[in-house]
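The values are calculated or read from the model by the stated rules, or taken from the named source; none is laboratory data. Computed from a prediction, not measured in an experiment: that's the story for all the values here. Reconstructed Cβ throughout: ideal geometry from the backbone, glycine too, with neighbour counts over all protein chains shown. The protein model used for the area step is the full one, side chains on, heavy atoms only, and it has no ligands, DNA or RNA in it. Shrake-Rupley method; radii C 1.70, N 1.55, O 1.52, S 1.80 Å.
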Amino acid sequence: MEAAAEAPGALSCFSYNQDCTSLAIGTTTGYRLFSLSSVEQLDQVHESNEIPDVYIVERLFSSSLVVVVSHAKPQQMNVYHFKKGTEICNYSYSSKILSIRLNRQRLVVCLEESIYIHNIKDMKLLKTIMDTPPNTTGLCALSINHANSYLAYPGSATSGEIALYDGNTLKTACTIPAHDGPLAALTFNSTGSKLASASEKGTVIRVFSIPGGQKLYEFRRGMKRYVNISSLVFSMDSQFLCASSNTETVHIFKLEHLTDSRPEEPPTWSGYMGKMFQAATNYLPAQVSGMMSQDRAFATVRLNISGQRNICALSTIQKLPRLLVTTSDGHLYIYNLDPQDGGECVLIKNHSLLGSGKMEENKENDLQPPVPQSYAATVARQSTVPSTSTMPGYSEDGGALRGEVIPEHEFATGPVCLDDENEFPPVSIRDP
């Protein structure tokens, strides 16, 4: 659920957290975190200018853990406890970090031809998936349900095959032949029981059961032109699926099964023709009949901009369903979504993310004493950084290298407790 932007004066990256209650943005000067609990007011939770040129920033739910990667050191991942102002750890990799995914059990780092899986509670490296098909965009998805930590990534560079990996057992689950062309988007629902995908053509979106890989739904985004799907996300209740692209239209699909007990349609010409087409599909080839029976968008949004990078989220704010759209020029648009009738979503608020913002950090941190000097700030001011090979850390006595697996008895027990501020002691970790 993140995006990178390269336009001058634009956000360098932006992402929602796992349950869409927080928004993180990266800029040339650092990063900012916002709370998404209100429509009218955008509360800035935290701002950091210690690391410039941030192109990846990911927050773990609404906890104090945030992961940052900078263009200055594109092979290094920095993990911070932003409320305490301390660095939890840093890790360096063999090539540029392309994406990072988090849940309460696992932290996944995606490079172009390898994927690293860490135990998030102690940051030990559990598994390295080597020689993955070339993945220049860092496309991968991790279930936010830590009890169902499935990881999905492209299984081929030339076709739309999905490789499904179990992040808990550290074993391959299955492969899913999802599309003919290369993949462009992947996302799990909140429970990890469904996986949605789109190819580089962007015309068809498919939803599969997990871990079985059976096709459950097929939605047609459009037929007239190919598009680049930039965002694909389920609502938290898995009833809706939202897709945005480089065009001005955002599509929202409803995941529901049509049954034979539907009320009889009135005897109109369109109803008659609809029945004729439905009957005709029984005599057509599967490929053609499948296309005719695909569901159309339940709701749509027409953005005022086109061609800009954007990401979407379906969230409940102040007890009502909302569609959130963040764009690379630094705006957050909030729309009302009618869950019963769908149709065109109504814009109700437009926030600027590059303004001063209202700081609400003290509200989240009112139980924490002020930190006079942060460890991260001290490190940032050093003119020379010590070699990571000399840094003490967990990986010296437990890191998994080149596909080795840490024995199960060495795992940190249980998922991260988001309310426990002592979960993450400051440590430094050397190269994996």
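Selection of segment 117-128 for residues being touching a strand residue (DSSP E or B) at 6+ places or on another chain (Cβ under 6 Å) and open to solvent by 20 Å² or more (accessible area, probe 1.4 Å) yields only 127. Residue count for segment 175-196, restricted to those that are more than 14 Å from the chain's Cα centre (by Cα) and at positive phi: 0.
When residue 104 is tested against the conditions (1) open to solvent by less than 10 Å² (accessible area, probe 1.4 Å); (2) closer than 24 Å to residue 186 by Cβ; (3) of a type outside the set (A, V, I, L, M, F, W, C), the lone failure is (1). Which of the residues that make up segment 309-330 are over 12 Å from residue 39 (Cβ atoms), open to solvent by 50 Å² or more (accessible area, probe 1.4 Å) and not in a loop (DSSP other than H, G, I, E, B)? Selection gives nothing.
Condition check ((1) of a type in the set (A, V, I, L, M, F, W, C); (2) out of contact with any Cys (no Cβ under 7 Å at 6 or more places or on another chain)) across all residues:
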{"position": "72", "(1), (2)": "yes, yes"}
{"position": "75", "(1), (2)": "no, yes"}
{"position": "81", "(1), (2)": "no, yes"}
{"position": "94", "(1), (2)": "no, yes"}
{"position": "99", "(1), (2)": "no, no"}
{"position": "104", "(1), (2)": "no, yes"}
{"position": "116", "(1), (2)": "no, yes"}
{"position": "125", "(1), (2)": "yes, yes"}
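Quickly run through segment 51-61 and pick out the residues that are out of contact with any Phe, Trp or Tyr (no Cβ under 6 Å at 6 or more places or on another chain) and crowded, with 18+ Cβ neighbours inside 10 Å.
First pass over segment 51-61, keeping only residues out of contact with any Phe, Trp or Tyr (no Cβ under 6 Å at 6 or more places or on another chain): 51-53, 55-56, 58-61.
51, 55, 56, 58, 59, 60 - these are the residues of segment 51-61 that are out of contact with any Phe, Trp or Tyr (no Cβ under 6 Å at 6 or more places or on another chain) and crowded, with 18+ Cβ neighbours inside 10 Å.
Here residue 209 fits the description: of a type in the set (Ser, Thr, Tyr) and modelled with pLDDT of 95 or more. Among residues of segment 146-159 being at pLDDT below 95 and either outside any loop (DSSP other than H, G, I, E, B) or within 21 Å of residue 242 (Cα to Cα) (or both), the one that is farthest from the chain's Cα centre (by Cα) is 147. Residues in segment 148-181 that are under 17 Å from residue 204 (Cα atoms), of a type in the set (Gly, Ala, Ser) and open to solvent by 30 Å² or more (accessible area, probe 1.4 Å): 159 alone.
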